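Structure, as C-alpha cells:
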Amino acid sequence: MLDMSVPAVAKLRRLLDNLPREALPDILTSIIRTTNQEKLQILDAVRLEERFKMTIPLLVRQIEGLKLLQKTRKSKQDDDKRVVAIRPNRRISHGSITEDEEEEEDHDDVVMLEKKIRTSSMSEQALKVCLKEIKRLKKMPQSMPEYALTRNYLELMVELPWNKSTKDRLEIRAARIVLDNDHYAMEKLKKRVLEYLAVRQLKNNLKGPILCFVGPPGVGKTSVGRSIAKTLGREFHRIALGGVCDQSDIRGHRRTYVGSMPGRIINGLKTVGVNNPVFLLDEVDKLAKSLQGDPAAALLEVLDPEQNHSFTDHYLNVAFDLSQVLFIATANTTATIPPALLDRMEVIQVPGYTQEEKIEIAHRHLIPKQLELHGLTPQQIQIPQVTTLGIITRYTREAGVRALDRKLGAICRAVAVKVAEGQHKEAKPDRAEVGEGEDCKEHVTEDAKPESISDTADLALPPEMPILIDFHALKDILGPPMYDMEVSERLNQPGVAIGLAWTPLGGEIMFVEASRMDGEGQLTLTGQLGDVMKESAHLAISWLRSNAKRYQLTNASGSFDLLDNTDIHLHFPAGAVTKDGPSAGVTIVTCLASLFSGRLVCSDVAMTGEITLRGLVLPVGGIKDKVLAAHRAGLKRIILPQRNEKDLEEIAAHVRQELTFVLAACLDEVLNAAFDGGFAVKASLEHLNSKL
C-alpha cells in the first residue's frame, strides 16, 4: 500500500524487511493510526501470539482506510479528465478534430482582439506598440500573470476614443438661452463660453480653452461647468482633486507595478467614450504634496495647450491627444495654486451674489427644486419675495446660496408636516368642524411640542391652502434671527471702525476696536493677527504720532505724544479666526483717530486699503467681494483706494446706485470721509479757536 516512488517510503520498506518478525507488532502499532488505549493494550500483552492477534485487526482497519482513500482520489481524477474533455463550441468536421482547429479555438479571443486593434483609429505609434504586444500575447501561456496584464492593456487601448468625438452645437442664440435658463447672473462666464462658440464657428480645429473659475463656495462654479457641456452638446466628466497627493492619480502607474491602472484623465476619456468632452477639475486649489510626488506638477502637461496634444500616461506609455478637451478648473482661491500651474489657466473670477440676485435665484431655481424634493406644489406653499429677503438678510450671511437652500429645505419640511397632518384629519369621517373664521394664513411650526399637537389634534382645522410663509412663520420654523445685530450698536462709542476683509468664502465686514489706559507706552494686538496685519497696526500708530499736532490728537494727560504714559490695545473681534493682510491699515488709523479725538465714526461707513508711513493709501484686492459684503450688511458708504476705481466696473449697476464710494489717495481724505463734517477741518478750527 506504500508509494515506493518516494525515497523516504522506500527506505522505510527496506528497514521493515530487515526487522525480526517478533518486533513487527510493536513497530507497526507505533506507525499506523491507533489510539493510546490500543497501544497500551498491546504493551500489556506479554505473549507474542497475543500481540499478533491484537495487531492484525488494527492493520486490516488501516489498509481498508487506505484503499477507500485511493478509490476516492481515482474517481476525482476521472471527473477532472471528463470536465477537461468537454470543450464548448468545438468545431467537429467528419467526426475528427485537427490540431490546427484546436489551436485556433484556443486563440480565438486573441484574434478578435487583434482585429479590433487593426480596425481602430489609434495613432501610428500606438498601433505599433499594440501589434508588438499582441505578438507577445500569442506566444505567452495563459497561466502566466503577465498574460492578464497585457490583455487588459490592449483592451484599454482599443476602448480609448482615439478619433471619436461629438459634434458641437454651435448655435449662439440657443446656447445663450440654455445658459440663461440654467444660471442667473454670471455674465462673465456666459460671455466667455459664447466667445468660444463664435470662434469655433469660424475655425473648426480650435484648441480647447483651459478655464479656471475662482470664487467662494456655493456660487455655482461646478454646476456651470455641467451647463457649459450641455450648451456645447458635449459629454461631461468631473474629477475631484481635493486631497489628491499622488501624481499617479493624474499620470497613472507604470505597468511593472502590481495593480497598475491609468490616471484619472485617461480613465475619464474611457468613461465618456469621446476625445472632446468637458473635463471639470474640481477644487484644484486643494491639491496636496507627498512622498508620492506633486500632482500639481503632473497637471502642468495636462493643462498646457502647447503640450497636451501629446500627453503621455505612464500606463499607456504612448502619446494621447488632449487638445480637443475643454478643461475647466474650479478653486476658492488662487493663493494655494502653484504659479506655474496658474499661468497655464485663464482665470475667471466668480464673485458672490447680491441680495437681488439671490432672490431671483431662489425663486427661479431653489424653491422649485425644494418643492419637488419634498413632494409639495405651489398650491400648497407660497414664499413671497419679502420673506426670501428676510431669510437672506437675517438667517444667512454668505457669498453663495447653499445656506439659503438649506433654510428653504427646512421650511418645506415644516410645511410637509402640516400638509400631511391636514390630509390625515380630512380622512376622519366624524371630525368636528371647529374654527374661529379668521381670514389669515396659518403659521407653520417646525419644532412644535408633541403634547400641543396631540391636545389640539381633534379640534384644529387642516391648514388653509396655500400656506403663506411670513416673518412670524420664519421665526417659528428657523428660530430667532441669527444676524439681527445692528451695525450702529457697535459704533456708539469712540474707538470702533468697520473694515472690509476678503476670505476664500467671500467678503466679510470686520470690526476694529481700540482702547487706551495708563501704562508705559505699549501697543497690544489681539485677535489672532498675522505678521502683515501687526505691521499695519504699527504703521498706523506711527503715522498718528507723527501727525498728532496737526489733528490735535492728545492722550489722557493732554500730551501730543500719544504713547506717553499710555498703553493702547487694538482688538479684532472673532478671535478664533486667523486674520492677516495689509488691507486693514486705513481701518486701524480711523479707529485710533476716533479713540484719541473722542469722535464717533459714521455708522454707515466701511473702508479698506493699505497704508504707507507717509500716509498714502495703496490698492488692495478682492474689491467686489468686499463691496458685496458691505452691501449685505446694510452699509451705505465705502472708502476705497483711488487706484481701485477700475474694480468698481465689475460691480452690478443697482449695487453701485445704492452705495456711495469715496476714493481716497491719502489718509487725510480717509479721515475726512469717515467722520461727520470731516476730520482735519474740524481739528484745524478747534486749534484756531484755542489760539484765539
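The values are calculated or read from the model by the stated rules, or taken from the named source; none is laboratory data. Keep in mind the model is a prediction, meaning the values are calculated, not measured. No Cβ is skipped: glycine too gets one built from the backbone with ideal geometry, and neighbour counts run over all protein chains shown. Heads up: the accessible areas ignore ligands, DNA and RNA and are worked out on the full protein's heavy atoms, side chains in. Shrake-Rupley method; radii C 1.70, N 1.55, O 1.52, S 1.80 Å.
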- Item | With DNA, RNA and ligands ignored, accessible area of residue 396 (1.4 Å probe; Å², nearest 10) | 10 Å²
- For helix 187-202, what angle does its Cα long axis make with the longest principal axis of the chain, in degrees from 0 to 90 and rounded to 10? 60 degrees
- Would you mind checking the pairs 188/626; 164/191; 203/230; 164/289 and listing those with alpha carbons more than 25 angstrom apart? 164/191; 164/289
- Query: Is region 550-692 rounded, prolate or oblate when judged by the Cα gyration tensor, a ≥ b ≥ c being the square roots of its eigenvalues, rounded requiring a/c under 1.5 and prolate requiring a/b larger than b/c?
  - Reply: prolate
- Task: Using a 1.4 Å probe and counting only protein heavy atoms, arrange 369, 624 so the residue with the most accessible area comes first.
- Result: 369, 624
- How much of the accessible area of the chain, probe 1.4 Å, is carbon plus sulfur, in whole percent? 52 percent
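Compute the Cα gyration tensor for the chain, then decide on rounded, prolate or oblate, letting a ≥ b ≥ c be the square roots of its eigenvalues: rounded whenever a/c is under 1.5, prolate when a/b is larger than b/c in the other cases, and oblate in all that remain.
prolate
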- Task: Indicate, rounded to the nearest 5 percent, the antiparallel portion of the DSSP beta bridges found entirely in the chain.
- Result: 40 percent
- Note on the structure: Projecting the Cα atoms of 243, 606, 322 onto the charge dipole of the chain, where Lys and Arg contribute +1 and Asp and Glu -1 at Cβ, the residue farthest towards the positive end is 322
- Task: Work through the residues other than residue 624 whose Cβ is under 14 Å from its Cβ and net out their charges, Lys, Arg +1 and Asp, Glu -1.
- Result: -3
- Note on the structure: Plugging the Cβ-Cβ distance of residue 286 and residue 518 into 1/(1 + (r/R0)^6) at R0 = 41 Å yields, to the nearest 0.05, a FRET efficiency of 0.25
- Query: Could you work out the helix-only [θ] at 222 nm for the chain, with each DSSP H run of four or more residues adding -39,500 (n - 2.57) and the total divided by the number of residues, to the nearest 500 deg cm²/dmol?
  - Reply: -13500 deg cm²/dmol
- State the Cα centre-to-centre distance between region 31-65 and region 550-592 in whole Å. 106 Å
- Task: Net charge near residue 32: determine it from the other residues with C-beta under 13 Å of the C-beta of residue 32, scoring Lys and Arg +1 and Asp and Glu -1.
- Result: 0
- Message: I'd like the accessible area for residue 186: 1.4 Å probe, protein heavy atoms, all chains in place, Å² to the nearest 10.
- Response: 20 Å²
- Task: Treat every Asp and Glu Cβ in the chain as -1 and every Lys and Arg Cβ as +1, leave all other atoms uncharged, and give the resulting dipole magnitude about the Cα centre to the nearest 20 debye.
- Result: 2560 debye
- residue 118 and residue 616 label points (each 7 Å along its Cα→Cβ direction) are spaced in nm at 7.5 nm
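State in Å² the accessible area per residue of region 295-409; use a 1.4 Å probe, count heavy atoms of protein chains only, and round to the nearest integer.
Value returned for region 295-409: 39 Å² of accessible area per residue.
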- Item | Additional length obtainable on full extension of the chain from residue 650 to residue 61, 0.36 nm per residue less Cα span | 202.2 nm
- Message: Given R₀ = 45 Å, what would the calculated FRET efficiency be for residue 69 paired with residue 22, taking r from the Cβ atoms and rounding to 0.05?
- Response: 0.90
- Helix 7-18 vs. the chain, principal-axis angle (Cα, 0 to 90°, nearest 10): 40 degrees
- Query: For residue 143, what accessible area in Å² do you get when you roll a 1.4 Å probe over the heavy atoms of the protein chains, rounding to the nearest 10?
  - Reply: 110 Å²
- Query: Taking the Cα centre of region 137-176 as the origin, how large is its charge dipole in debye, to the nearest 20, when only Lys and Arg (+1) and Asp and Glu (-1) carry charge on their Cβ atoms?
  - Reply: 220 debye
- Task: Estimate the FRET efficiency between residue 421 and residue 144 by the formula 1/(1 + (r/R0)^6), using the beta-carbon distance for r and 51 Å for R0, to the nearest 0.05.
- Result: 0.15
- Message: Angle check, please: helix 124-139 long axis (alpha carbons) against the longest principal axis of the chain (alpha carbons), in degrees 0 to 90, nearest 10.
- Response: 30 degrees
- Counting only protein chains, not ligands or nucleic acids, how are 490, 13 ordered by accessible area (probe 1.4 Å), most first? 13, 490
- Query: Separation between the residue 658 and residue 163 pseudo-spin-labels, each 7 Å from Cα along Cα→Cβ, expressed in nm?
  - Reply: 5.8 nm
